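Before any comments, here is the structure.
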Amino acid sequence: MKLDMLVTEGIGASHADPVLDDAGLRGAIAADKTAVVSIAGDGIGPEIMAAARRVIDAAYPFIDWQEHDAGAEVFAGGIASGVPADTIDAIAEAGLALKAPLETPVGHGGKSANVTLRKLFELYGNIRPARTLPGVPSRYADPGVDLVIVRENVEDLYAGIEHMQTPDVAQCLKLVTRQGSEKIARLAFAQARAEGRGQVHCATKANILKLTEGLFKSTFEEVAAAHPDIQARHILVDNCAHQLVLAPEAFDVIVTTNMNGDILSDLAAGLVGGLGFAASANIGDRVAMFEAVHGTAPDIAGQGVANPTALILSGAMLLRHIGAAAAADAVEQALYDVLEEGRYVTADIAGRHPPASTADFAAAITDRLDPVPDAAWSSPAGGPVWTGPAPAVRRDPRREFDGLDVFVEWHGPVDELASRLKAASTATRFELAMISNRGTMVYPDNRGIADTVDHWRCRFVYRGVESTDLQSAICHLLARVSRVCSWMHVERLQRFDGRPAYTLAQGQA
Ligand code: NAD
């Protein structure tokens, strides 16, 4: 690859000094290298990292790799997060990381170093392209798949706020925020624009989860209004999974909540050859981390046979992220050429040819690097970009207090619970209106639910006036409820601008 191509990629015009030869130019720009933390990881990690860096360096010799640890050995050394302080400091300083897979060892507190890194740096956007690759067997090679899933990465059920409510009832809080939804929607439109894509689907379950998934949907629609040139559509996530299998070519960008995105992005990877070929970017306001989606493949670790494609593609995403789009195109093009030819590929896709080692595969790609990407396989301009933090939207709706949901543990019949709670609440400002079990109303009208558990939601409506001291009134009710049974948690029932900010139980009118 010629340096005149490299110097056009954001290195700075001063580097294009015509009197310098190649060696002189390299020396002159050494000081301007981009620092990227390299985490070689566990299992096949060091092998595929060496291969990926070899290819990236050949296309773009302006990265200052800073090697740091995370994963199995760090856990074994007694660091419960799996990520030592110097790695955290280095990523915070560089703002960029390329990471190979990390093992989540069993028996070291069960934490995942991957999740630690995502949470620590608030890497809220997970970008997972799914694109048909030449020479990689898949059921969808014709007409081909080329889509990107933009997954919210830190909220939703994966915020990990779980409690055992009783010995037999577990609960997980699904937290969706307007701020988080707005940031990911903006990232999805920025991604679409950067890649020249004309359509963004928002996939939710807003028909059932009206408040959480509903907030994600309505926030998406607000953000979409500011991007009239890009077609914005909503699709129910179950239908999205169905349509992805029937007609994946109909999708461009899909933006979705954390757990939906986890599932859809693996589905999409399956359309184009599997997780072994899936690259990803984790985007935050200050840090971006690029990684292969597959794991440490302990069954083939140390044998030099692992396929480095996913990490190389993740490296191309990193290059595009730092503005080195032509180098990213060159890396992808060389990879596509080698995959298509099939003569120097690893055992997992070698077919009729003898398999190449990880290192030989990387060498074949490096040999193919061409400064002019082939139009047929060149990637669209742009890549994962961040357009700046979303402005905080200040909303201050009129609030009214309707009552309380008190979740209690109770082992007897519901009618007895109801009559005791009614008696207990007579001297309070609340009145028992409804009891539900696992979301279905069982009092006052029990429509035949047979399988109740020991965890009951008791809905009390507020009969007092707004101006009274609500905190005292609530404490008074809870003290009275405690005489009947033990309560686990309490939720306020509020109205915002006259609209209920809570759902009704199944069966409640
Ligand atoms: P895995 O992806 O490591 O392996 C599944 C299968 O795919 C294995 O047969 C493996 O040999 C094969 N495979 C995976 N990557 C390959 C590659 N590049 N080339 C050739 N074959 C490849 O999944 P697993 O066995 O469930 O997980 C192993 C470990 O990896 C676990 O500790 C898990 O926690 C960890 N993991 C880490 C990440 C990450 O760091 N992002 C992701 C997933 C799993």
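Here is a check on your reading of the model: is LEU133 within 16 Å of the ligand (Cβ to nearest atom), more than 21 Å from the chain's Cα centre (by Cα), surrounded by 21 or more Cβ atoms within 10 Å (Cβ to Cβ) and hydrophobic (A, V, I, L, M, F, W, C)? For LEU133, the condition - within 16 Å of the ligand (Cβ to nearest atom), more than 21 Å from the chain's Cα centre (by Cα), surrounded by 21 or more Cβ atoms within 10 Å (Cβ to Cβ) and hydrophobic (A, V, I, L, M, F, W, C) - is met.
Counting only residues that are under 26 Å from GLY323 (Cα atoms), give me the strands (runs of 3 or more DSSP E) lying completely in the range 72-180 with at least 1 of them.
Working: elements: 96-99, 125-131, 146-152, 162-166, 169-172.
Counting at least 1 such residues, we get 96-99, 125-131, 146-152.
Where strands (runs of 3 or more DSSP E) fall wholly inside the range 423-509, the ranges with 2 or more residues that are aromatic (Phe, Trp, Tyr) are 455-462, 486-496.
From the residues in the range 13-40 that are part of a loop (DSSP other than H, G, I, E, B) and at pLDDT below 95, which one is farthest from the ligand (Cβ to nearest atom)? Here the residue is VAL19.
Residues in the range 298-338 that are within 16 Å of the ligand (Cβ to nearest atom) and surrounded by fewer than 21 Cβ atoms within 10 Å (Cβ to Cβ): PRO298, ASP299, ILE300, ALA301, GLY302, GLN303, GLY304, VAL305.
Inspection of the range 422-435 identifies at least one residue that is modelled with pLDDT of 85 or more, open to solvent by 30 Å² or more (accessible area, probe 1.4 Å) and of a type in the set (S, T, N, Q). Note down all Cβ pairs under 7 Å where the first residue falls in the range 336-357 and is of a type in the set (Gly, Ala, Ser), the second is within 13 Å of the ligand (Cβ to nearest atom), and they're at least six residues apart or on different chains. Listed by first residue and then by second, the contacts come to ALA347/VAL305; ALA347/PRO355; ALA356/VAL345; ALA356/THR346; SER357/GLY304; SER357/VAL305. Whether a residue is over 30 Å from VAL148 (Cβ atoms), of a type in the set (D, E, K, R) and modelled with pLDDT of 95 or more was assessed, and ARG480 passes this test. The set of residues in the range 77-101 being under 13 Å from MET289 (Cβ atoms), among the β-branched types (Val, Ile, Thr) and more than 16 Å from the ligand (Cβ to nearest atom) consists of ILE88 alone.
Within this structure, GLU182 fails the test of being in contact (Cβ under 8 Å) with a residue 12 or more places away in the chain, open to solvent by 30 Å² or more (accessible area, probe 1.4 Å) and either acidic (Asp, Glu) or away from the ligand (no atom under 16 Å from the Cβ) (or both). Condition check for ILE254 on (1) out of contact with any strand residue (DSSP E or B) (no Cβ under 9 Å at 6 or more places or on another chain); (2) among the β-branched types (Val, Ile, Thr); (3) within 13 Å of VAL148 (Cα to Cα): one failure, at (1).
Restricting the range 182-226 to residues that are touching an Asp or Glu at 6+ places or on another chain (Cβ under 7 Å) and hydroxyl-bearing (Ser, Thr, Tyr), the residue that is nearest to ARG128 (Cα to Cα) is THR204.
The values are calculated or read from the model by the stated rules, or taken from the named source; none is laboratory data. Values in this document were obtained by computation on a predicted structure and should not be read as measured data. Cβ: placed from backbone, ideal geometry, glycine included. Neighbour counts: every protein chain shown. Accessible surface areas use protein heavy atoms only, side chains included; no ligands, DNA or RNA. Shrake-Rupley method; radii C 1.70, N 1.55, O 1.52, S 1.80 Å.
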